[in-house]
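Here the structure is laid out as structure tokens; the discussion comes afterwards.
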Amino acid sequence: MQQIRWGMIGCGSVTEVKSGPGFQKAEGSSLVAVMRRNGDLAADYARRHGVPKYYDDAQALIEDREVDAIYIATPPNSHYDYVLRAAASGKPVYCEKPMGLNAEQSRKMVEACEEAGVPLFCAYYRRALPKYLQVKKLIDSGSLGPVRSVHILMQQTIKEEDSTNGGPWRVNPEISGGGKFHDVGSHALDLIDWLLGPIAEANGEGVNQSRTYRADDMVYGRFRTESGVAGTGQWCFNTYKDEDRTEILFEKGKLTYSVLDIAAPLLLETEAKVQSIGVSAPPMHVAQPLIQTVVNHLLGKGICESTGESALRTDIILEKLTGKA
């Protein structure tokens, strides 16, 4: 096989620029079919993006013989069903994050793909972006000595749409699995898993302070990686400003980066100086570099580390930090 032909389930906003075109532009990859329950909207997406086929039925897309692999771009409440269906058809799956509504769903998704003998990947695309590759290179170089601890702070104001008609689907636990902690906080935890190794233990509490919507808007807790790095985190989505920073404390310095601002510079502090380190500009289609690693993996040309197993680890920690495990 020289090319992976993708079928995409879901044509929402995440697919317009972030991910969808990446399947067309990655080397050895093409997007050949899309599906949306509203057939007219599926047809419109296909026309605008130059995709030859469109469906209003997911099973029809999954069973299309010209589709080699499935990209699931729907909200989390349908991930479980679509992953199991794709696995039953023997087709590899690339799923948006967080992977399941809960860790138990994610575990069953991993098991289903293992039993079917098909790879399962998850769309934590920051793992492949230049900025975070630069962070990983600095950590792995050992130039700052061993890592001692890490602290994550993420805070955001309450947005107007948060209080309109119950808020967007991302703050509806029945659709998203939680609130904004699950939506954007998961990126911070996945990066820790990748940069510092899997998290071995965690505990915390999720609370709804503002009552703007039904999901938790504050999560705080502690964790420890398998390698012994101590960690704390606070995710508060009802404060006076938008800010996020992850601080990694080493024996010989401190590295600070933003999770959500993928173009912001890194800040490196040592006893001798404080240095702002510029990063390469992110690509137009931010998921494309990770998509390329998935395609390379499927073609036997490389390894993608953002797998169902790594996403399951993050989903487990999401539950533990909210006190729901």
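Think of the range 130-282 as having a plus end and a minus end, set by charges on the Cβ of Lys, Arg, Asp and Glu; of ALA264, MET218, GLN234, ALA264 sits farthest toward the positive end of this dipole. For the chain, adding -39500 (n - 2.57) for each run of n ≥ 4 DSSP H residues and dividing by the number of residues yields -9000 deg cm²/dmol at 222 nm.
What percent does the relative contact order of the range 130-282 come to when contacts are Cα pairs within less than 8 Å and at least six residues apart? This gives 29 percent for the range 130-282. Between ASN238 and GLN156, the built amide H atoms are under 5 Å apart, and every one of these is 5 or more places off in sequence or on another chain.
Shown here for the range 220-325: trypsin sites (Lys or Arg not before Pro) in loop regions (DSSP other than H, G, I, E, B) with at most 15 other Cβ atoms within 10 Å, namely LYS241, LYS252, LYS273, LYS301, LYS324. Here LYS53 is the anchor, and the aspartates and glutamates within straight C-alpha reach of less than 19 Å, apart from those fewer than 8 places off in the same chain, are GLU16, ASP40, ASP44, GLU63, ASP64, GLU66, ASP68. A Förster distance of 22 Å, applied to the separation of the beta-carbon atoms of ASP81 and GLU201, puts the FRET efficiency at 0.10.
Bridgeable aspartates and glutamates around LYS137 (alpha carbons under 18 Å apart, same-chain partners fewer than 8 residues away excluded): ASP190, ASP193, GLU247, GLU251, GLU269, GLU305. Computed from label points 7 Å out along Cα-Cβ, the spacing between ALA230 and HIS151 is 1.2 nm. Positive contributions from Lys and Arg (+1) and negative ones from Asp and Glu (-1), summed over other residues with Cβ under 13 Å from the Cβ of GLY167, come out at -2.
Applying both filters, DSSP loop and at most 12 other Cβ atoms within 10 Å, to the GluC sites (Glu not before Pro) of the range 213-259 gives GLU226, GLU251. Size of the chain from its Cα atoms: along the principal axes, largest to smallest, the extents are 59, 46, 37 Å.
We did not get these values from a lab; they are worked out from the coordinates using the rules stated. Predicted model only: the values in this text are computed from it and were never measured. With ideal geometry, Cβ positions are generated from the backbone for all residues, glycine too; neighbour counts draw on all protein chains shown.
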